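The block underneath contains the structure these notes are about, expressed in structure tokens.
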Amino acid sequence: MQPTLEQKMWMYEKMVVSRRYEEAIAAAYMEGKSPVFNMANGPVPGEMHLSNGQEPCAVGVCAHLKDEDTVTATHRPHHQAIAKGVDLKRMTSEIFGKANGLGGGRGGHMHLFDDDVNFACSGIIGQGLGPAVGAALSQTMQKKSGIAVAYIGEGAANQGAFHESLNLAAVWNLPVVFIIEDNSWGISVSKQKSTAVEKNSVRAAGYGMPGEYVAGNDPLEIFKVAGEAIERARAGKGPTLLELQTSRLAGHFIGDAEGYRPEGEKDALEADDPITKFRSHLIEQGDATEQEIENIETAAQAQVDEAIAHARASEDPAPEDALTSVFA
Amino acid sequence: MSDTKERKLTIARAMAESVAQYMRKDEKVFVMGEDIGVLGGVYGNTRGLIEEFGEERIRDTPISETAFMGAAVGAAQNGMRPIVELMFVDFFGVCFDQIYNNMAKNIYFSGGNVKVPMVLMTSTGGGYSDGGQHSQCVYGTFAHLPGMKVVAPSNAYDAKGLMNAAIREDSPVVYMYHKGLQGMGWLGTERGATVNTPEEYYEVEIGKASVVREGTDVSIVSLGMGVHHALKAAAELEESGVSAEVVDLRSLVPLDRDTIRASVAKTGRLIVVDEDYHSFGVSGEVIASVVEHDISVLKAAPQRVAFPDVPIPYAKIMEQFCLPNADKIVATYKKMAA
């Protein structure tokens, strides 16, 4: 399964928007946090988990999705949200804690909910697996055509919820695609030290579903494999497990000193940036000219700048808004 | 005198020192949890341990809480003294079965045949906009369920003494430390938590509260971060001629009801400060301890300054609106005294 030219350019654009977005968020996050780094300070307080390097996993999968398809994402959700089409302005307002944010400032960056495109994320490992199974069940019971994608990190494959959710999706033959973004680190603990198998994709055999490992952090390869899995789901043939090799170019959160990384690892990952590689590919293949690529990049930056400016200019919630929205 | 020289430690260092000292003398003590090895714990409380004791006794776990909490119970029953960490108390949901149905009940089920000498460390508290799954206290949830002792230090001296007592204890102890008191710069630092902490072994008795400031007009009872709010409020009240007593609970299970009652018998007024949710929790239990015992000592209805019954909001302006602070305590006292 090969992407059309349009899909390829869409993937590149979303990857660039995502990266520019994380750069802008990182800059805003650091405001008010120097010389003393205190998470409570600045316009974007709390923890911040950036997705730099993991963009191919978002676009290669979400290129196949429609609004009615559900995505459950993780504590590192921005790239997936952008690829799923979450409203960037409302998302940014949420991250800035503004009244017009997706959750009116109640959720923050780990709790982005956009019902219009069926996107949700959570701050706790493996927590989106069950809800993705449930979204798929709901679609099936209502005889609707939507499917569900559950994104997790490789660390979450060692959660009980992983076993239970894959089994349930398989035994009920539900249209779910389980996507593991394998960035090889669960905060400071490496995959090698935490996981009994080299590839989590082999675990699919335990649930009677297909499993595949996709190496290379390449959006085109991910597009192909994810497309087949999503096609299977849409055809009523049940769930699939995919593990996508990727790179966490940032720390677990901003402020993470990453003393646990082997020397040179970060440099090697940065030298192998998936956006740079995809950019070269597009030009070499004649998919786009340098000028067309630059236009995409300029537009991406403008879109990000606009979202950030929108959030900064938006109103804070009233303090007592904290007491509302507990019940429906 | 040189031997009484001040030796100020953060809570994080006090905890790590206690564990290290205990591990040197007792080979049965070991630590496991997420990011407690090379990283030294997200909140610094296992820093330096892996360098001294190695990976055999300082075990980074997979993100498999049901497995490693259960493994701690099993190891404890089998003769070891595990110390387990789960970095945010918010994360306990996934493994709660092992905690409240297993860890907390096996001594009882066995009629005391089985011991479960384990310590479960976890961080509590917010105030830095980390959202509703990284900021809770849920003290009351653990204290409500029988079979686990629960401690929550407000300063480094108590942190070390309670940790020593917790490791020696043959029953499970849930050790809840507040992130804002750890002395980690990136979370802000409550200076009052960094206090003189002796190097030699000592214990703070589990189940003993501490009167950290004496007073005659009102008893402010709290734990963890709330103690520091209470002390600030007491200092503020003093300026208007009000003498506030501050009681640091230090332990929730067992709860030192005698110290609470004695304080309120003296002052006649009670304010409970709790960063946990308002209803069905610690604050209600403290008030019940007094009113079930003797309402004749009360000059005013007891009050609580607690987190409203809503999930913890992310936006700073909303979170700060909800959190207890010294101003709220002072305002509450003024209403009571009016």
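The values are calculated or read from the model by the stated rules, or taken from the named source; none is laboratory data. The model shown is predicted, which means the values in this text are computed figures rather than measured ones. Cβ coordinates were reconstructed from backbone atoms using ideal geometry, including for glycine residues, and neighbour counts include every protein chain displayed.
Residue count for region B:14-73 satisfying the condition of being more than 19 Å from A:Ala257 (Cβ to Cβ), touching a residue at least 40 places away in the same chain (Cβ under 8 Å), in a loop (DSSP other than H, G, I, E, B) and acidic (Asp, Glu): 1.
Just one of the listed residues (A:Gly208, A:Gly227, A:Gly155) is among the small types (Gly, Ala, Ser) and either touching a Leu at 6+ places or on another chain (Cβ under 9 Å) or under 14 Å from B:Ile63 (Cβ atoms) (or both), namely A:Gly155. The criterion of being of a type in the set (Val, Ile, Thr) and within 14 Å of another protein chain (Cβ to nearest Cβ) holds for A:Thr74.
Only one of the listed residues (A:Glu265, A:Glu243) is at pLDDT 95 or above and within 23 Å of A:Ile179 (Cα to Cα). That residue is A:Glu243.
Candidates in region B:205-241 are the residues that are in contact (Cβ under 8 Å) with a residue 40 or more places away in the chain and of a type in the set (S, T, N, Q); of these, the one that is surrounded by the most Cβ atoms within 10 Å (Cβ to Cβ) is B:Ser222. If you go through region A:12-39 and keep only what is more than 14 Å from chain B (Cβ to nearest Cβ) and touching a Phe, Trp or Tyr at 6+ places or on another chain (Cβ under 7 Å), you end up with A:Tyr12, A:Met15. Within this structure, A:Gly101 fails the test of being within 14 Å of chain B (Cβ to nearest Cβ) and on the phi > 0 side of the Ramachandran plot. With a requirement of 2 or more residues that are among the aliphatic types (A, V, I, L, M), the helices (runs of 4 or more DSSP H) lying completely within region B:81-169 that satisfy it span B:156-168. For region A:137-156, the set of residues classified as in contact (Cβ under 8 Å) with a residue 12 or more places away in the chain, among the small types (Gly, Ala, Ser) and either more than 23 Å from A:Leu65 (Cα to Cα) or not in a loop (DSSP other than H, G, I, E, B) (or both) consists of A:Ala148, A:Ala150, A:Gly153, A:Gly155, A:Ala156, listed by residue number. A:Asn100 fulfils the conditions (1) farther than 28 Å from A:Gln291 by Cβ; (2) buried (at least 24 other Cβ atoms within 10 Å of the Cβ); (3) in contact with a helix residue (DSSP H, G or I) (Cβ under 9 Å, 6 or more places away or on another chain) except for a single criterion, (2). The set of residues in region B:239-281 that are closer than 17 Å to B:Tyr175 by Cα and either assigned by TED's automatic domain parsing to the domain that holds B:Gly161 or basic (Lys, Arg) (or both) contains only B:Arg250. Scanning region A:135-156 for residues being away from chain B (no Cβ under 14 Å) and either in contact with a strand residue (DSSP E or B) (Cβ under 6 Å, 6 or more places away or on another chain) or of a type in the set (Lys, Arg) (or both) gives a total of 8. When B:Asp90, B:Asp60, B:Asp97 are screened for being within 23 Å of the chain's Cα centre (by Cα) and surrounded by 20 or more Cβ atoms within 10 Å (Cβ to Cβ), only B:Asp90 passes.
Quick check on A:Ile187: is it more than 21 Å from A:Gln7 (Cα to Cα) and in contact with a His (Cβ under 6 Å, 6 or more places away or on another chain)? Yes; evaluated as a whole, the condition is true for this residue. Does A:Glu270 meet the test of being away from chain B (no Cβ under 14 Å), closer than 24 Å to A:Glu6 by Cα and surrounded by fewer than 18 Cβ atoms within 10 Å (Cβ to Cβ)? No; evaluated as a whole, the condition is false for this residue. Listed conditions (1) assigned to a helix (DSSP H, G or I); (2) buried (at least 24 other Cβ atoms within 10 Å of the Cβ) are all met by A:Glu13, apart from (2). The residue of region B:297-321 that is farthest from the other protein chains (Cβ to nearest Cβ), among those that are part of a helix (DSSP H, G or I) and out of contact with any Ser or Thr (no Cβ under 8 Å at 6 or more places or on another chain), is B:Val297. For region A:157-264, the strands (runs of 3 or more DSSP E) that sit wholly inside it and include 1 or more residues that are within 14 Å of chain B (Cβ to nearest Cβ) and not aromatic (Phe, Trp, Tyr) are A:176-182.
Every residue, every condition in (1) touching a Ser or Thr at 6+ places or on another chain (Cβ under 9 Å); (2) within 14 Å of chain A (Cβ to nearest Cβ); (3) over 14 Å from B:Asn164 (Cβ atoms), yes or no:
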{"site": "B:Lys8", "(1), (2), (3)": "yes, no, yes"}
{"site": "B:Met15", "(1), (2), (3)": "yes, no, no"}
{"site": "B:Ser18", "(1), (2), (3)": "no, no, no"}
{"site": "B:Asp26", "(1), (2), (3)": "no, no, no"}
{"site": "B:Val29", "(1), (2), (3)": "no, no, no"}
{"site": "B:Ile36", "(1), (2), (3)": "yes, yes, yes"}
{"site": "B:Leu39", "(1), (2), (3)": "yes, yes, yes"}
{"site": "B:Gly44", "(1), (2), (3)": "yes, yes, yes"}
{"site": "B:Gly48", "(1), (2), (3)": "no, yes, yes"}
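Name the residues in region A:109-124 that are part of a loop (DSSP other than H, G, I, E, B) and small (Gly, Ala, Ser), would you? Selection gives A:Ser122, A:Gly123. Scoring A:Gln127 on the criteria (1) within 14 Å of chain B (Cβ to nearest Cβ); (2) in contact with a helix residue (DSSP H, G or I) (Cβ under 8 Å, 6 or more places away or on another chain); (3) more than 20 Å from B:Phe68 (Cα to Cα) leaves a single failure, condition (3). Using the structure shown, decide if B:Asp130 is in contact with an Asp or Glu (Cβ under 8 Å, 6 or more places away or on another chain), within 14 Å of chain A (Cβ to nearest Cβ), of a type in the set (Asp, Glu) and over 20 Å from B:Met32 (Cα atoms). Taking the combined requirement at face value, the residue satisfies it.
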